[in-house]
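Below is one structure; the comments refer to it alone.
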Amino acid sequence: MSGAGWPKRSNSTTDTTSMKVPISQSLTLNRTINLYPLTNYTFGTKEPLFEKDPSVPARFQRMRDEFEKIGMRRSVEACLLVHEHGLPHVLLLQLGTTFFKLPGGELNAGEDEVEGLKRLLTETLGQPSSGVKSHEWIVEDTIGNWFRPNFEPPTYPYCPPHITKPKEHKRLFLVQLQEKALFAVPKNYKLVAAPLFELYDNAQGYGPIISSLPQALCRFNFIYM
C-alpha cells in the first residue's frame with residue numbers, strides 16, 4: 001500500500017518554504033554551568049542521618065499506606081557538580097560499600113519542589129551554625145523525571161501508558177554550587193565525587209538513574225573555573 005509505514009507520507013503540495021515558525025523567546029538554547037574544583041569545598045561531619053524505613057519491604061509498605069491517604073509520592077534529588085583535573089564529577093552520598101544516592105528525598109504534602117529540594121539539601125549537607133544555607137542553593141533546571149508505576153523497585157524515565165496512577169514521581173534538578181562551600185556530611189555517609197565517565201553506562205554499579213546523568217547533562221556547556 002502506497003504511503004504506508006512511519007513516518008506517514010503526505011500528498012499535500014503546500015509550499016512550506018515561506019512558512020515562518022515562531023521562536024519562543026523563553027527558550028534557552030545555550031546553557032552554561034560553572035564548575036569549581038573539588039578542592040574549593042570543605043567537608044565536615046555531623047550526626048548520622050538515618051533512613052525512615054529499616055528495610056526495603058518496610059519502605060514499600062509505608063509508600064502503600066501513604067498512597068491510600070495522600071496519593072502519589074513526590075521526590076526530588078539534586079545533581080551537584082564539581083570538577084577535578086578538568087573532568088566533571090557528580091557528588092554522591094555513599095552508604096556502605098555499594099550503595100550510592102543523590103542528595104534529596106521526599107517532599108511534604110503540598111510542598112513546592114524547589115523549596116523542598118533546598119530544605120532537603122540543607123538537612124542533608126548543611127547545619128544551622130555553618131555550612132550551606134537554604135537560600136544559597138541555586139536550582140538551575142530539571143534534568144530528569146522518573147516514575148515508579150508499582151510498589152516495587154523499578155523506575156522508568158517515562159510513565160507507562162497503562163499506568164494511570166504512578167506510585168512515585170521523582171524529579172532530578174541540576175543545582176549550581178557556590179564557588180566555595182562547607183558541607184556537613186552525616187557520619188553514616190561518605191560524600192564522594194564520581195566522574196561522569198565512571199557513571200556512563202554503569203547501571204550495574206550505580207543504578208539506572210545515576211548512570212543516566214551523563215546523557216542528561218550533555219546538553220549543558222561547562223566552564224571550568
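Pick from region 117-130 the residues that are assigned to a loop (DSSP other than H, G, I, E, B) and open to solvent by 20 Å² or more (accessible area, probe 1.4 Å): which of them is modelled with the highest pLDDT? Result: Gln127. Can you find a residue in region 202-215 that is open to solvent by 20 Å² or more (accessible area, probe 1.4 Å), under 17 Å from the mean Cα position of the chain (by Cα) and aromatic (Phe, Trp, Tyr)? Yes, that holds for at least one residue.
Here Thr142 passes the criteria (1) open to solvent by 60 Å² or more (accessible area, probe 1.4 Å); (2) part of a strand (DSSP E or B); (3) among the hydroxyl-bearing types (Ser, Thr, Tyr) except the one numbered (1).
Quick grid of which residues meet (1) assigned to a loop (DSSP other than H, G, I, E, B); (2) β-branched (Val, Ile, Thr); (3) over 26 Å from Val192 (Cα atoms):
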{"position": "Asp65", "(1), (2), (3)": "no, no, yes"}
{"position": "Glu68", "(1), (2), (3)": "no, no, yes"}
{"position": "Arg74", "(1), (2), (3)": "no, no, no"}
{"position": "Cys79", "(1), (2), (3)": "no, no, no"}
{"position": "Val90", "(1), (2), (3)": "no, yes, no"}
{"position": "Gln94", "(1), (2), (3)": "no, no, no"}
{"position": "Gly110", "(1), (2), (3)": "yes, no, yes"}
{"position": "Glu115", "(1), (2), (3)": "no, no, no"}
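Among the residues of region 64-73, some residue qualifies, meaning at least one is within 16 Å of the chain's Cα centre (by Cα) and in contact (Cβ under 8 Å) with a residue 12 or more places away in the chain. Scanning region 159-197 for residues that are among the basic types (Lys, Arg) and part of a strand (DSSP E or B), we see that the one that is nearest to Pro149 (Cα to Cα) is Lys170. When the residues of region 154-188 are filtered to those that are open to solvent by less than 20 Å² (accessible area, probe 1.4 Å) and aromatic (Phe, Trp, Tyr), the one that is modelled with the highest pLDDT is Phe173. Evaluating Leu196 against the criteria (1) open to solvent by less than 20 Å² (accessible area, probe 1.4 Å); (2) under 23 Å from Asn40 (Cα atoms); (3) at pLDDT 95 or above leaves one unmet condition, (1).
The number of residues in region 86-112 being surrounded by fewer than 16 Cβ atoms within 10 Å (Cβ to Cβ) and either under 20 Å from Ile70 (Cα atoms) or polar (S, T, N, Q) (or both) comes to 8.
The values are calculated or read from the model by the stated rules, or taken from the named source; none is laboratory data. It should be emphasised that the depicted structure is a prediction, and the values quoted were computed from it without experimental measurement. Positions of Cβ are generated from backbone atoms using ideal geometry, with glycine treated the same way; all protein chains shown enter the neighbour counts. All accessible areas refer to the heavy atoms of the entire protein, side chains included, with ligands and DNA or RNA removed. Shrake-Rupley method; radii C 1.70, N 1.55, O 1.52, S 1.80 Å.
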